[in-house]
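Notes to accompany the following structure.
The values are calculated or read from the model by the stated rules, or taken from the named source; none is laboratory data. Remember, it's a predicted structure, so these values are computed and weren't measured experimentally. Heads up, the Cβs are rebuilt from the backbone with ideal geometry, glycines too, and the neighbour counts pull from every protein chain shown.
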Amino acid sequence: MNLLLVFLFMANADSTHAKPAFSAKTPAFKYGEWIPSKYTCMGKDISPRIVFKNVPKNAKSIAIIADDPDAPMGTWVHWVIYNIPPDSEHIPEAFPKKMKVGKICQGKNDFGKYGYGGPCPPGGVHRYFFKIYILDTVFECQKKMDKETLLKLMKGHIIAQDTIMGRFGKVKM
């Protein structure tokens, strides 16, 4: 009986020293809240700042895919960005809309452009998911990189992930 108590105490003691799990957040909005218009087609159409916490030590890169599953013609891709260095603490607001910025690469969104394309729903309120992936590899920058290609490349390389979700809809005046 005493041995069982010692074991339970040791198991609980070890769990208090566990490293916190990876997480991602944006100071622009809280999960499930309204995305400010400056990050949409109704404003400046700039990307929000994405902050990374507790990136695992064995990470080689970070990728983000942002999309809208509520689009009338199927999921609409707003952002494909990859090869973010794992020691990055964040991706800054208004990240340049270029295929390559330093070591960081961006694929084409469904607007047919590199970089971030903000929410711009034709009607109704939509959900926008920013999926952040911690990877054990780095990929070559590719002109034809898109969401589907990146997802295929990432298979078997995802160490951790988190999701940020915001909502947006055009308001009629």
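At a glance:
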read-out	value
Check on ASP67, surrounded by 14 or more Cβ atoms within 10 Å (Cβ to Cβ) and either more than 14 Å from the chain's Cα centre (by Cα) or touching a residue at least 12 places away in the same chain (Cβ under 8 Å) (or both)	yes
Residues that are small (Gly, Ala, Ser), in contact with a Lys or Arg (Cβ under 9 Å, 6 or more places away or on another chain) and closer than 13 Å to GLU93 by Cβ, drawn from region 24-60	ALA28, SER47
Test: residue in region 151-173 that is at pLDDT 95 or above, part of a loop (DSSP other than H, G, I, E, B) and surrounded by 21 or more Cβ atoms within 10 Å (Cβ to Cβ)	no
Residue in region 98-108 that is within 23 Å of LYS30 (Cα to Cα) and either touching a helix residue (DSSP H, G or I) at 6+ places or on another chain (Cβ under 9 Å) or of a type in the set (Ser, Thr, Tyr) (or both) present	no
Residue within region 44-64 that is touching a Ser or Thr at 6+ places or on another chain (Cβ under 8 Å), touching a residue at least 40 places away in the same chain (Cβ under 8 Å) and exposed (fewer than 15 other Cβ atoms within 10 Å of the Cβ) present	no
Cross-chain or 6+ apart pairs with Cβ under 8 Å, region 115-134 first and farther than 25 Å from ILE158 by Cβ, then hydroxyl-bearing (Ser, Thr, Tyr) and crowded, with 18+ Cβ neighbours inside 10 Å	GLY118/TYR39; GLY118/THR40; GLY118/SER47; PRO119/TYR39; PRO119/THR40; PRO119/TYR128; CYS120/THR40
